[in-house]
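Asks: Dropping the structure in here first, questions after.
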Amino acid sequence: MRIIYVDIDTLRPDHMGCYGYGRNTTPEIDKVAAAGTRFTNCYCSDAPCLPSRAALISGMFGIRSGVVGHGGTAADMALYGAARDFNNPNDLNNFVYIFRKAGMKTASVSTFPERHSAWWFNAGFHEMYNVGKVGHESGEEVLPSALGWLDRNMMDDNWFLHVHFWDPHTPYRAPESFGNPFADEPLDNWISPEIFAKHREHVGPHSANELEMFEDTFDSRYPRQPGKIADMDELKYLFDGYDTGVRYADFLVGQIFDKLRAVGIYDDTAIIISSDHGENMGELGIYSEHGTADKATCNIPMIVKWPEMTQGQIYDGLCYNLDLVPTMAELLNVPKASIWDGESFAEALRGKQTAGRESLVISQCAHVCQRSARFGDWLYIRSIHDGFHLFDDEMLFNLADDGYEQQDVKAQHPDIVAKGAKIILDWHDNMMKKSAYAVDPMWTVMREGGPMHTRNELDRYLVRLEATDRAEGAKKLRAKYKG
């Protein structure tokens with residue numbers, strides 16, 4: 001069995017052709033989707049980068065693994081404790097070890113472990129390739145390592161290769177030589193001039209006025225990434241930069257697939273294409289960031305082409321990225337580990353339209369502290385720390401009518417709000433019963449000063465708000481965070 005996991009950072013499914021996007025961003029990936037199964041409602045359980053991959057690798061929600069943020073105690077895996085043996089049982093039962101237990105050679109081409117000091121990510125890989133730019137590299141620096149590994153190993157049987165591209169991640173960094181494939185195409189978007197005008201008044205990091213989190217600095221090394229967006233032309237420029245990053249990653253991925261085709265093993269190679277998270281591109285007034293526990297940030301692509309299984313099918317059931325862990329175990333006849341929180345979707349790959357999960361709970365503690373419930377057509381968001389966006393403590397969106405989360409309808413649906421809150425409460429209680437620790441790591445984040453990307457930033461941001469005609473927002477933030 002040969003398996004390639006293509007891991008494209010910050011990839012929104014609704015910016016991909018196979019998910020219905022109007023721009024031709026993913027012609028190579030679309031071919032894989034046509035030969036496999038495309039999951040429309042797959043979410044990362046924990047966002048953004050570090051918590052998401054911690055959940056995938058461990059098979060556990062962040063509330064149990066301990067990794068829910070980007071800094072502080074809750075950016076490290078929780079200690080296994082006194083029962084730890086010569087080896088850490090969590091490492092020996094992680095995602096990568098599924099392939100090891102199935103007798104496969106394993107390799108990863110990724111700078112993620114160094115970027116986040118997440119060396120547990122490497123547990124189970126025989127070979128790791130790090131191009132050394134801690135996530136700031138462009139894909140042409142990654143591709144040679146992947147192609148070189150395939151040259152040496154692809155004709156062997158029984159291997160698993162993980163290849164990680166960062167190109168859609170901010171700052172958008174596709175080489176200038178790649179051009180802008182969408183320069184002459186209109187913006188395929190929901191943001192009208194009226195909506196954009198409201199977004200220009202938004203308070204919070206990564207608003208239209210400060211794409212560089214709390215400021216509008218432009219870095220000339222990344223010309224596709226503006227520091228702010230002041231009008232609809234600049235909005236198109238931002239979207240073109242993101243979409244070009246997606247198209248460039250697809251271009252690189254296509255070279256991997258072409259190599260497999262050239263030697264006649266493409267059809268017999270299993271291919272998984274996914275991401276760690278999506279990207280806010282206007283949702284909740286946030287641009288060019290993966291900063292919330294919502295559909296924009298947490299809905300991810302999941303495409304699986306598995307030899308001799310149903311082709312060209314769409315699966316709409318709710319699922320998590322960590323459900324991939326027991327799914328791979330089932331498909332490879334590896335026993336399921338008791339520590340995993342995932343549920344296998346192997347039956348969906350076999351063409352059976354199973355119901356999926358009744359609901360999901362998704363979390364974000366790096367830019368905000370939020371937990372959200374995704375169920376039916378609904379997204380219920382509960383904010384413990386709003387990341388200086390002045391969110392209400394509770395928000396409710398009907399994704400069937402408002403997929404871009406512009407109309408908070410909690411006042412009209414108190415029964416749905418109550419249902420969403422109960423889903424989170426019941427999930428929390430069940431997770432804490434399974435946890436080896438007495439403390440919810442989200443509250444560790446709060447006790448250590450709040451989300452890492454907001455710490456020690458409020459005072460200077462208040463000054464900026466007052467200097468950019470948003471003094472009323474500064475007044476509200478002072479009242480909320482300074483009393």
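What follows is calculated from the coordinates using simple rules that are stated; it is not laboratory data. Treat the numbers as computed from the prediction; the structure is a model and nothing was measured. Cβ coordinates were reconstructed from backbone atoms using ideal geometry, including for glycine residues, and neighbour counts include every protein chain displayed.
Asks: Within a Cβ distance under 15 Å of Gly81, other residues only, what is the Lys/Arg minus Asp/Glu net charge?
Replies: Around Gly81, the charge tally is 0.
Asks: For the stretch 395-483, what percent of Cα pairs sit more than 17 Å apart?
Replies: Above the 17 Å cut-off, the stretch 395-483 has 70 percent of its Cα pairs.
Asks: Say the cut-off is 26 Å between C-alpha atoms; which of Lys305/Lys352; Lys101/Lys133; Lys295/Lys422; Lys31/Lys259 go over it?
Replies: Violating the 26 Å Cα-Cα cut-off are Lys101/Lys133.
Asks: Further question on the same structure: Given the Cα-Cα distance of Asp231 and Asp402 and 0.36 nm per residue of separation, how much length would full extension add, in nm?
Replies: 59.2 nm
Asks: For the stretch 123-265, just run the numbers: alpha carbon Rg, then divide by 2.2 N^0.38 Å, N being how many residues it has.
Replies: For the stretch 123-265, the normalised Cα radius of gyration is 1.30.
Asks: Grab the DSSP H runs of the chain that are 4 residues or longer, score each as -39,500 (n - 2.57), total them, divide by all residues and round the 222 nm result to the nearest 500 deg cm²/dmol.
Replies: Values: 16 runs with 152 residues, N = 483.
Value at 222 nm, helices only, nearest 500: -9000 deg cm²/dmol.
Asks: Looking at the chain, what % of its DSSP beta bridges pair antiparallel, to the nearest 5?
Replies: 50 percent
Asks: Continuing with this model, one more query. Gap in Å between the Cα centre of the stretch 412-446 and the Cα centre of the stretch 91-135?
Replies: 31 Å
Asks: List the GluC sites (Glu not before Pro) in the stretch 263-312 that DSSP assigns to loop (not H, G, I, E or B) and whose Cβ has at most 16 other Cβ atoms within 10 Å. Which are they?
Replies: Within the stretch 263-312, the qualifying GluC sites (Glu not before Pro) (loop, at most 16 other Cβ atoms within 10 Å) are Glu308.
Asks: Something else about it: Could you grab the relative contact order for the stretch 2-479? Cα pairs under 8 Å, six or more apart, rounded to a whole percent.
Replies: 23 percent
Asks: Quick one: if the Förster radius is 30 Å, what FRET efficiency do Glu466 and Ile384 give, using the C-beta to C-beta distance and rounding to 0.05? All intermediate terms of the calculation are to be shown ahead of the outcome.
Replies: On the way: r = 27 Å, r/R0 = 0.88.
FRET efficiency, Glu466 to Ile384: 0.70.
Asks: If we count every other residue with Cβ under 14 angstrom of Val134's Cβ, Lys/Arg +1 and Asp/Glu -1, where does the sum land? Walk me through the intermediate numbers first.
Replies: Values: positive: Arg115, Lys133, Arg173; negative: Asp9, Glu114, Glu137, Glu141.
Within the 14 Å Cβ shell, the charges total -1.
Asks: A further question on this structure: What is the gain in length, in nm to one decimal, between Ser338 and Lys422 on full extension, counting 0.36 nm per residue of separation less the C-alpha to C-alpha distance?
Replies: Full extension from Ser338 to Lys422 adds 27.7 nm.
Asks: Follow-up question, since we're still on this one. Using alpha carbon coordinates only, what is the Rg to Rh ratio of the stretch 1-79, with Rh defined as the Kirkwood radius?
Replies: Taking Rh as the inverse mean 1/r over Cα pairs, Rg/Rh reads 1.07.
Asks: State log₁₀ I(q)/I(0) for the stretch 2-479 at q = 0.12, 0.14 Å⁻¹ as given by the Debye formula over alpha-carbon point scatterers of equal weight, solvent excluded.
Replies: Rounded to two decimals, the profile gives -1.06, -1.50.
Asks: Taking 0.36 nm per residue of separation and subtracting the Cα-Cα distance, what length does fully extending Thr73 through Thr217 add?
Replies: 48.8 nm
Asks: When only C-alpha pairs under 8 Å and at least 6 residues apart count, what is the relative contact order of the stretch 118-237, in percent? Intermediate results must be reported in sequence, preceding the final value.
Replies: Details: 89 pairs, mean separation 21.3, N = 120.
Worked out over the stretch 118-237, it gives 18 percent.
Asks: In the stretch 266-360, what percentage of the DSSP-assigned beta bridges are antiparallel, given to the nearest 5?
Replies: If I count the DSSP bridges inside the stretch 266-360, around 90 percent turn out antiparallel.
Asks: What does the charge count near Glu289 come to, summing +1 for each Lys or Arg and -1 for each Asp or Glu among other residues with Cβ under 11 Å from its Cβ? It would help to have the intermediate numbers written out before the result.
Replies: Values: positive: none; negative: Glu210, Glu212, Glu279, Glu283.
In short, -4.
Asks: Straight distance only, please: which aspartates and glutamates reach the Cα of Lys105 with their own Cα at less than 15 Å, same-chain residues fewer than 8 apart left out?
Replies: Hits, sequence-local ones excluded: Glu127, Asp151, Asp156, Asp157.
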